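Below is one structure, written out as structure tokens; comments come after it.
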Amino acid sequence: MVIKFFMMHALVSFFSGFPPEVATFILAMLPFTEKVSLAIGVAAFHLNGLEAMFIVTIGNMVPIFLILGLAEKFHLWISKNDGFFGKAWVKTVAHAQGKFAKYQKYELWGLFIFMSLPIPINGGISGALIAFILGMPAKKAWPYLFAGVILSNLITLAVTAGMIKIF
């Protein structure tokens, strides 16, 4: 717990030179801070809750669109590579697809539920990668990812506002 406090303090200190909106936006795009960026924006940078939620939602969606738009192209390009990395990539993706096959039946609604839980690890980047691994078309997956981001951010905002009032 102490380590997490110091990590958050270091992040806030590092980004304190940036305008609060820019810092919150950048934190929302990073894999390890995307779920706490809303709380940091409201509690540490003193942004209005709805303003912070809007900024964080846009920041969360940037890597989602990049992954959904580029993952298939990258996969096709790297799978044509005969080198070690190309073979390792194809093997790893095939292994992941096999592991995720049992979740195929939940498809888009499962992706939405996964995304809407405001816990570490299951942010937009993970959700977009899961959509790619499960072979979901980007046009079908992104509305569910977006809805999951919105619900997760609403839950995070409610918890953050409650914690600020309590403490």
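Of (1) touching a residue at least 60 places away in the same chain (Cβ under 8 Å); (2) not in a helix (DSSP H, G or I), F132 satisfies all except one. Which?
Tallying (1) touching a residue at least 60 places away in the same chain (Cβ under 8 Å); (2) not in a helix (DSSP H, G or I), F132 fails exactly one: (2).
Among the residues of the range 113-167, count how many are more than 21 Å from H46 (Cβ to Cβ), charged (D, E, K, R) and out of contact with any helix residue (DSSP H, G or I) (no Cβ under 8 Å at 6 or more places or on another chain).
Residues that pass the stated criteria total 1.
Looking at the range 85-94, is at least one residue within 25 Å of F32 (Cα to Cα), in a loop (DSSP other than H, G, I, E, B) and at pLDDT below 95?
no
Within the group S37, S79, which residue is among the hydroxyl-bearing types (S, T, Y), touching a Gly at 6+ places or on another chain (Cβ under 9 Å) and surrounded by 21 or more Cβ atoms within 10 Å (Cβ to Cβ)?
None of the others qualify; the one that does is S37.
Only one of I150, I164 is assigned to a helix (DSSP H, G or I), more than 30 Å from L76 (Cα to Cα) and either in contact with a strand residue (DSSP E or B) (Cβ under 7 Å, 6 or more places away or on another chain) or modelled with pLDDT of 95 or more (or both). Can you tell me which?
The match here is I150.
State the number of residues belonging to the range 135-161 that are farther than 14 Å from F65 by Cα, within 17 Å of the chain's Cα centre (by Cα) and touching a residue at least 40 places away in the same chain (Cβ under 8 Å).
Going through the range 135-161 one residue at a time, the tally reaches 6.
The values are calculated or read from the model by the stated rules, or taken from the named source; none is laboratory data. Quick caveat: nothing in here was measured; it's all calculated off a predicted structure. Using ideal geometry, Cβ is built from the backbone for each residue, glycine included, and neighbour counts are taken over all protein chains shown.
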